[in-house]
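Chemist: This is the structure, below, for whatever I ask next.
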Amino acid sequence: MSILVTGGAGYIGSHTCVELLNAGYEVVVVDNLSNSKLESLSRVKEITGKDITYYKVDILDRDGLETVFVENSIDAVIHLAGLKAVGESVQIPLHYYHNNITGTVILCEVMNKYGVKKLVFSSSATVYGIPKSVPISEDFPLGPINPYGRTKSMIEEILRDLYHSDNKWSISVLRYFNPIGAHQSGRIGEDPNGIPNNLIPYITQVAVGKLKELSVFGNDYPTRDGSGIRDYIHVVDLAKGHLKALQRILTNTGVDSYNLGTGIGYSVLEMIDAFEKASKKKVFYKVVERRPGDIASCYADPQKAKEELDWVAEKGIEEMCRDAWRWQENNPTGYEVKVLVK
Ligand code: NAD
Ligand code: WQD
């Protein structure tokens, strides 16, 4: 069975490819490499000992996508391709709406044309915006508070409309909480461009000596230690969630959304502590103003995924930090191999 993974060279995509290959699926990847390196897929092949069919195609390129469907017998699509930086989405919203929404519409049109109506879509907990309470369950109202989040909630609406227009579609919408960590081999992981926006890549770069100190964005939130609480989930658990969702869409029709999180929240200060223990490195930090748009606390009620997908996150915070550190330590320049000139 052949699965098309859009955005497969990226952070979550590469880990999802490993799980798919290990489970015996054939994998076809489409990625324009706008936020990734092809080296990630070489390493996926190295980890699994299996091959991947790769196309350097933009999902906005209808003809390019059609070639992929003509040349391969695709059974289902896991659609991760998208732009994901919240701050950037505020600066260049039209680019985000075009890339994420138009890209998804074109992908669905091409899928429709080739009779492929099974789709797993990467959404985000960001669609909930400022939740009325925690934990957050799937029936909470959606209210994203930035353009990136709105691309995700609008795509969710489009996918629901698509199913209602044609009940042969089978769609799983996965709302990820905060993916962190890396494959235990230390060969694939998160490789952000420039200075990281997200907490864990920032922490790992402070620990490895690339960045001086972490800024903790606020210690006056109504949380147990004043810093923000999030539901961090190991990227390998997340990748496994895609396989469970895939199994469901292969055997059912419908459109359903699922929270993929652990159900447990950790504060920024608790994450610093856990990371220091796992890496045996000091993480220097200072407390600064709150970051605009941040919320105090966000964690999942993952019950629906447990009941309907038979999926639960298994890896704890120690393993997440240990694996994030192994990746950072072994690959201080990410996928880019720096050649030393004497
Ligand atoms: P990533 O940037 O590492 O991966 C996304 C991949 O999509 C990249 O390889 C990029 O080159 C590719 N891509 C982007 N636009 C494309 C286009 N038009 N055509 C072809 N390829 C394109 O990000 P990730 O963290 O792996 O995220 C994967 C998906 O999960 C994204 O849709 C993201 O919005 C979503 N998500 C991520 C997080 C997170 O914290 N990492 C949380 C929730 C949801
Ligand atoms: C986590 C906590 C910060 C950086 C983002 C997106 C979301 C989703 C996941 C894609 C917060 C604090 C952070 C730093 C800090 N992505 N922090 N210093 O904001 O929960 O979610 O990534 O869908 O859409 O918004 O993740 O890792 O940026 O922040 O103190 O340098 O760490 O305030 O409490 P966030 P994050």
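Chemist: How high is the relative contact order of the stretch 1-56? Use alpha-carbon pairs under 8 Å, at least six apart in sequence, and give a whole percent.
Modeler: Working: 87 pairs, mean separation 22.5, N = 56.
Relative CO of the stretch 1-56 lands at 40 percent.
Chemist: Oh, and also: With a 1.4 Å probe and every protein chain left in place, work out the accessible area per residue of the stretch 220-298 in Å², rounded to a whole number.
Modeler: Working: 3440 Å² over 79 residues.
Here the residues of the stretch 220-298 average 43 Å² of exposed surface.
Chemist: GNM, the chain, Cα, under 10 Å: largest mean-square fluctuation among Tyr114, Tyr266, Tyr54?
Modeler: Tyr114
Chemist: Apply the Karplus curve 6.51 cos²θ - 1.76 cosθ + 1.60, θ = phi - 60°, to the phi angles in the stretch 147-156 and return the couplings in whole Hz, x for Gly and Pro.
Modeler: Karplus-based 3J(HN,Hα) across the stretch 147-156 equals x, 4, x, 5, 4, 5, 5, 5, 4, 4 Hz.
Chemist: Report the one residue of Val28, Gly64, His98 whose Cα lies farthest in the direction of the positive end of the charge dipole of the stretch 14-102 (charges on C-beta: Lys and Arg +1, Asp and Glu -1; origin at the Cα centre).
Modeler: His98
Chemist: Under the rule of at least 5 residues apart or a separate chain, name every residue whose amide H is placed under 5 Å from the amide H of Leu214.
Modeler: Phe284, Tyr285, Lys286
Chemist: Measuring from centroid to centroid over Cα atoms, what is the spacing of the stretch 186-238 and the stretch 241-312 in Å?
Modeler: Here the answer is 13 Å between Cα centres.
Chemist: Once amide H atoms are placed 1.01 Å from N in the peptide plane, what residues at a sequence separation of 5 or more from Ile233, or on another chain, have their amide H within under 5 Å of its amide H?
Modeler: Residues meeting the criterion, in which the H sits 1.01 Å from N, are Asn178, Ile180.
Chemist: Same structure, new question: Let me know the charge dipole size of the chain about its Cα centre in debye, to the nearest 20, where only the beta-carbon of Lys, Arg (+1) and Asp, Glu (-1) is charged. Can you show the working numbers first?
Modeler: On the way: 38 positive and 43 negative charges, 156 e Å.
Rounded to the nearest 20 debye, it is 740 debye.
Chemist: Next question, about the same structure. Show the residues, 5+ positions off or on another chain, whose built amide H is closer than 5 Å to the amide H of Val29.
Modeler: Val5, Thr53, Tyr54, Tyr55
Chemist: Between the stretch 54-75 and the stretch 1-17, how many Å separate their Cα centres?
Modeler: 14
Chemist: What pairs in Lys56/Lys244; Lys118/Lys240; Lys152/Lys304; Lys45/Lys240 have C-alpha atoms more than 24 Å from each other? Provide the component values of the computation, followed by the final result.
Modeler: Values: Lys56/Lys244 27 Å; Lys118/Lys240 17 Å; Lys152/Lys304 20 Å; Lys45/Lys240 18 Å.
From Lys56/Lys244; Lys118/Lys240; Lys152/Lys304; Lys45/Lys240, over 24 Å: Lys56/Lys244.
Chemist: Also: So what J values fall out for the stretch 70-76 if you push phi through Karplus, 6.51 cos²θ - 1.76 cosθ + 1.60 with θ = phi - 60°, rounded to Hz, Gly and Pro as x?
Modeler: Running phi through 6.51 cos²θ - 1.76 cosθ + 1.60 with θ = phi - 60° gives 6, 7, 9, 9, 7, 9, 7 Hz.
Chemist: What's the carbon and sulfur percent of the chain's accessible surface, probe 1.4 angstrom, rounded to a whole number? Write down the numbers at each step before the final one.
Modeler: Numbers: 7500 of 15020 Å².
Ligands and nucleic acids excluded, carbon and sulfur reach 50 percent.
Chemist: A follow-up question, please. Percent antiparallel among DSSP beta bridges with both residues in the chain, to the nearest 5?
Modeler: Values: 2 of 41 bridges.
So the antiparallel bridges amount to about 5 percent of the total.
Chemist: Oh, and also: Which percent of Cα pairs goes in each bin when the distances of the stretch 243-342 are cut into 5 angstrom slices starting at zero?
Modeler: Using 5 Å bins, I get a P(r) of 2, 9, 13, 14, 14, 16, 13, 10, 5, 3, 1, 0, 0 for the stretch 243-342.
Chemist: Working from Cα positions, state the angle (0 to 90°, nearest 10) between the long axis of helix 11-22 and the longest principal axis of the chain.
Modeler: 60
Chemist: Convert 37 °C to kelvin, take the viscosity as 0.692 mPa s, use the Kirkwood radius over C-alpha pairs of the chain as Rh, and evaluate the Stokes-Einstein diffusion coefficient in µm²/s, rounded to a whole number. Mind showing how you got there, number by number?
Modeler: On the way: Rh = 20.3 Å.
Here the translational diffusion coefficient equals 161 µm²/s.
Chemist: Averaging sequence separations of C-alpha pairs under 8 Å and six or more residues apart, then dividing by the length of the stretch 73-146, give the relative contact order as a whole percent. Numbers along the way, then the final one.
Modeler: Numbers: 49 pairs, mean separation 28.0, N = 74.
Relative contact order here is 38 percent.
Chemist: Take every Cα pair under 8 Å in the chain that's 6+ residues apart, average their separations, divide by the length, and report that relative contact order as a whole percent.
Modeler: Working: 670 pairs, mean separation 64.3, N = 342.
About 19 percent, as a whole number.
Chemist: Another question, if that's okay. Counting Lys and Arg as +1 and Asp and Glu as -1, each charge on the Cβ, what is the dipole of the stretch 242-342 about the Cα centre in debye, to the nearest 20? Before the final figure, lay out each step's value.
Modeler: Working: 16 positive and 16 negative charges, 121 e Å.
Taking the Cα centre of the stretch 242-342 as origin, the dipole is about 580 debye.
Chemist: Considering only Ser257, Val77, Phe177, whose Cα is most displaced toward the positive end of the charge dipole of the chain, charges sitting on Cβ of Lys, Arg (+1) and Asp, Glu (-1)?
Modeler: It is Phe177, whose Cα lies furthest towards the positive end.
Chemist: Shifting gears a bit: Which one of Gly149, Val44, Val134 has its Cα pushed farthest toward the positive end of the charge dipole of the stretch 40-191, where Lys and Arg give +1 and Asp and Glu give -1 at the Cβ?
Modeler: Working it through, the farthest residue towards the positive pole turns out to be Val134.
The values are calculated or read from the model by the stated rules, or taken from the named source; none is laboratory data. Keep in mind the model is a prediction, meaning the values are calculated, not measured. Here Cβ is always computed from backbone atoms with ideal geometry, including for glycine, and neighbour counts include all displayed protein chains. Only protein heavy atoms, including side chains, enter the accessible area calculation; ligands, DNA and RNA are left aside. Shrake-Rupley method; radii C 1.70, N 1.55, O 1.52, S 1.80 Å.
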